[in-house]
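Bear in mind these aren't lab numbers, they're just calculated from the coordinates by the rules spelled out. Being a predicted model, the structure only gives us computed values, none of them experimental. Every residue, glycine among them, receives a Cβ derived from its backbone with ideal geometry; neighbour counts consider all protein chains shown.
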Amino acid sequence: MPNDPARDRLIQRLPKVELHLHIEGTLEPEMMFSLAAKHGVKLPYASVEAVRAAYAFHDLQSFLDLYYAGCDVLRDRRDFYALAMAYFTRAHADNVVHAELFFDPQTHTVRGVSMEVVIAGLRDAMDDAHRRYGMTSDLILCFLRHLPEEDALATLDAALPFLSDLTGVGLDSGERGNPPAKFARVFAKARALGLRAVAHAGEEGPAAYITEALDVLGVERIDHGVRCDEDPALVERLVRDRIPLTVCPLSNLKLCVVKDLSQHNFAKLLRRGVAVTINSDDPAYFGGYIGENYRATATALDLTDAELVTVAENAARASFLPARAITGLLTKIRTEARRDQD
Ligand code: HPA
Ligand code: ZN
């Protein structure tokens, strides 16, 4: 299906909630260069164009190698503020009204950047985004699953002084060979502290990892989860228990999880009744923020206006916002949906 201008206008107007966004994955090459110059860091690229040209990935690991290397320019509180503020400004342009941000503290603490610097910089931007745009946001601390659980436990301990800044914990990085059960203790501890729980599962890993994240880690949402349809009983469970999937279509395309967006199972899962949502993952690396993810998915899979509204509603319901805020957001989404038909 070609682009549909009326549908694009609806997508633009829908109040959006972003639930799967790694803040380090919003580091645009221009900012990478300016921060490198600020800190005297030598980048292995001659230009912004050379950085973009390097973003040709064949799987998750080929992306992660560049993503972690890029983080080296993030060193002080102002850097984290600038990074997150640039994201909020870009997301506001796409009419994002609430965002739940993942961050990877282990990527920074290993370089000598403290948990306090990271969280303080991000919080400065979250406060500013609320003041400037009325946008609300939350922080979800992600554990790197390629590292031992002991490191994740130490990271949770280091985050204890900042507990009130955190809404939840997540699990990211290389999925294959790093099953959710490896992190059973740290998730149990985080949940006992009152933190919400999510985990990447079923991106490159098998459907069994999704089941394990639900049963062993007690997560409330699955990040990606697109391989769920390899297990029909699991899909049944996701529908029945209304377990949201935070799908990132352009990420799946760039990391070769799907060959072509037209072959993505997003529409199939949506029509089956799974609470799927659309998100941008690492937009600086994958070529599109949330609006572009909505447009590309709608075009490739011929999503109807009603389906797009359902996707926006799914995201509002899947958020960790208080119930009253969710109800208010659903009303706003429906108002915008009706306005398009007039
Ligand atoms: N998957 C796993 N880890 C990640 C991702 C992802 O898509 N993005 C950043 N870290
Ligand atoms: Zn992700």
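Relative contact order, whole percent, for the chain stands at 21, derived from Cα pairs under 8 Å and 6 or more residues apart. Taken over the alpha carbons of the chain as equal point scatterers, the Debye sum produces base-10 log I(q)/I(0) values at 0.09, 0.15 Å⁻¹ of -0.44, -1.35. What the Cβ-Cβ distance of Lys332 and Leu193 gives, at R0 = 51 Å and to the nearest 0.05, is a FRET efficiency of 0.95. Provide, as a two-decimal number, the C-alpha radius of gyration of the stretch 211-342 over 2.2 N^0.38 Å, N being how many residues it has. With N residues counted in the stretch 211-342, Rg over 2.2 N^0.38 Å equals 1.05.
What is the gain in length, in nm to one decimal, between Ala46 and Arg13 on full extension, counting 0.36 nm per residue of separation less the C-alpha to C-alpha distance?
8.0 nm
Each peptide in 294-300, 273-279, 115-121 was scored by the mean count of other Cβ atoms within 10 Å over its residues; highest first, the order is 273-279, 294-300, 115-121. Against the empirical 2.2 N^0.38 Å (N residues), the stretch 284-342 has a Cα radius of gyration ratio of 1.26.
At an R0 of 25 angstrom, the distance between the Cβ atoms of His58 and Glu30 translates into a FRET efficiency of 0.50. Computed over the Cα atoms of the stretch 38-146, pair by distinct pair, the Kirkwood hydrodynamic radius stands at 15.3 angstrom.
If Rh is defined by the Kirkwood formula over all Cα pairs and Rg also comes from Cα, what ratio Rg/Rh do you get for the stretch 155-275? My calculation of the ratio gives 0.99.
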